[in-house]
Amino acid sequence: MADALAGLTRDVFVRYWTSVHEGVYRATGGRLLNATLGMVTVELTTVGRRSGLPRTTMLTSPVQDGAVLVLVASNGGENRHPDWFYNLVANPNVTVVTSGERREMRARVAEGDEAKTARRLPVVVLEPRPA
């Protein structure tokens, strides 16, 4: 019972902090709260694979190489990939806001060794789109 209560309390806190973080990030155009646990915060906008509508989610990028950003589609350790991953596979043209800068990018799934989990964790590379 205590473990369940602790888990619920943690989930409530995480949701609360996430909503505050997203609100401040969006209100300042990504100029404030643009890093989380040492990782760059990324506001990713994909096109919904079924709806065709813009879908925006907040993520972190553990690796950046110049203009290139890397995302990990871990979905918090769930057994399925996150929706944003399926959206960018269907339409790899995405928009990101990071550190107050809006950029048009093109996503591709990185090739490499299997992750040490029950499922393969897709690693996504975002590269600037050619003009």
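The values are calculated or read from the model by the stated rules, or taken from the named source; none is laboratory data. Note that this is a predicted model, so its numbers are computed, not measured. Note that we place each Cβ from the backbone using ideal geometry, even for glycine, and neighbour counts take in every protein chain shown. Keep in mind that these areas ignore ligands, DNA and RNA; they rest on the heavy atoms of the full protein, side chains included. Shrake-Rupley method; radii C 1.70, N 1.55, O 1.52, S 1.80 Å.
Kindly establish whether GLY100 is open to solvent by 30 Å² or more (accessible area, probe 1.4 Å) and either over 14 Å from the mean Cα position of the chain (by Cα) or modelled with pLDDT under 90 (or both). Considered against the rule, which asks whether it is open to solvent by 30 Å² or more (accessible area, probe 1.4 Å) and either over 14 Å from the mean Cα position of the chain (by Cα) or modelled with pLDDT under 90 (or both), GLY100 comes out as yes. Those strands (runs of 3 or more DSSP E) of segment 4-70 in which 2 or more residues are at pLDDT 90 or above and either open to solvent by less than 70 Å² (accessible area, probe 1.4 Å) or of a type in the set (Ser, Thr, Tyr) (or both) occupy 39-47, 54-61.
Which of the residues that make up segment 103-122 are crowded, with 17+ Cβ neighbours inside 10 Å and either at pLDDT below 85 or over 17 Å from LEU69 (Cβ atoms) (or both)? Once the filter is applied, which keeps residues that are crowded, with 17+ Cβ neighbours inside 10 Å and either at pLDDT below 85 or over 17 Å from LEU69 (Cβ atoms) (or both), segment 103-122 yields only PRO122.
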